[in-house]
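Each remark here refers to the structure printed beneath this line.
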Amino acid sequence: MERKSGAKWRKAMIEILVTASIAVTVVCFALMLAGKPGMNIAFCFTLVLSSLVIVFSLIHMLRSKEKYTKIALILQRCFMACLAIGTAVFILLQGLILSAGRTEDADVDCLIILGAGLFGEIPSSTLASRLDSAIEYLNGRDDIPVIVSGGQGPGETITEAEAMSRYLKRKGVNENQIWKEGSSTSTLENLEFSTALMEDSGLDTKSLTIAIVTNEFHLYRAKHIAGKMGLSTVGVAAETPYLGLRVLYHIREAAAILNCFVFGSSK
């Protein structure tokens, strides 16, 4: 009797867990479609988590039926193997992210600040950290152009480039030093359109050393993309505010780097 009661309790708990994980994923997906900032990260995270919960519940269901025990055992072993491989790959990717997440002091010819989202026309905390790091890095480098790169996304009333330009000017950066690139929607476009802007201004991008300003979790991929474009770059790392946000960004960035390696996508 106790055994049956325990089995029913476990079944009920698994059903609640599956339902809750799917519900949270659907809510995150709806908020992402609505353009809420940061929901793309939350959706990716909850999607992976709910997938793991569903597979686990399927294995548990098959194990409870005697005729499916062998199938359940095979699935369990495959699940554990995939989980182990996924964990190892994730740790490797985090190692790459951490290895590049630092500021490099060098003689640079140009600064590119990558956009990171607005609340209306106000820079997000992530973007503000990039701008503050750029201002600090510019100390003693008042003669180099500063490219602010970022288009207008959902929920944004102006381009990220315009908001970044206003922020820098309020902090004392010379207006003539700021170049605006307000069309990009991805890291690849940030760098491609910024490069085109420099070339249109008469700069030889192949002979320049360019400082890329972004958050520490994003530097590895940004520099990897720049390297594929033939650019010589150094990184300027902005500290991501809030521990929880940093964890979510590190998870998403691992997926983005894997996508870049496997499918060649730099979006």
Rounded to 10°, Cα long-axis angle of helix 2-33 versus longest principal axis of the chain: 30 degrees
Accessible area in the full protein assembly, largest first, 1.4 Å probe, for LEU98, LEU188, LEU258, LEU17: LEU98, LEU17, LEU258, LEU188
Spatially proximal lysines relative to LYS11 (Cα-Cα < 28 Å; intrachain offsets below 8 disregarded): LYS65, LYS67, LYS70
Per residue, in Å², the accessible surface of the chain once ligands and nucleic acids are set aside, probe 1.4 Å: 56 Å²
Solvent-accessible ranking of ARG102, ARG221, ARG10, largest area first, probe 1.4 Å: ARG102, ARG10, ARG221
Theoretical gain in end-to-end length, ALA196 to ILE158 [0.36 nm per residue, Cα-Cα removed]: 11.5 nm
Ordering of 109-116, 71-78, 55-62, 145-152 by burial proxy (mean other Cβ atoms within 10 Å per residue, highest first): 109-116, 145-152, 55-62, 71-78
Theoretical gain in end-to-end length, ARG170 to SER186 [0.36 nm per residue, Cα-Cα removed]: 3.2 nm
Nearest 10 degrees, 0 to 90: helix 160-170 Cα axis against the chain principal axis: 50 degrees
Gain in span if fully extended, SER51 to ILE74, counting 0.36 nm per residue against the direct Cα distance: 6.5 nm
Overall dimensions of the chain as given by Cα atoms, namely Rg and Dmax in Å: 23.0, 82
Percent of Cα-Cα distances greater than 20 Å, calculated over segment 154-267: 51 percent
Cβ-derived FRET efficiency at R0 30 Å, GLU66 paired with TRP9, nearest 0.05: 0.90
Of the chymotrypsin sites (Phe, Trp or Tyr not before Pro) in segment 131-230, those whose Cβ has at most 16 other Cβ within 10 Å and which sit in DSSP loop: none
Förster radius 25 Å - calculated FRET efficiency between ALA106 and ASP204, Cβ distance, rounded to 0.05: 0.90
C-alpha long axis of helix 125-137 to longest principal axis of the chain, angle in °: 40 degrees
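The values are calculated or read from the model by the stated rules, or taken from the named source; none is laboratory data. Source: prediction; values computed, not measured. As a convention, Cβ positions derive from the backbone with ideal geometry for all residues, glycine included, and neighbour counts pool all protein chains shown. Protein only, heavy atoms only, side chains kept; ligands, DNA and RNA dropped before computing areas. Shrake-Rupley method; radii C 1.70, N 1.55, O 1.52, S 1.80 Å.
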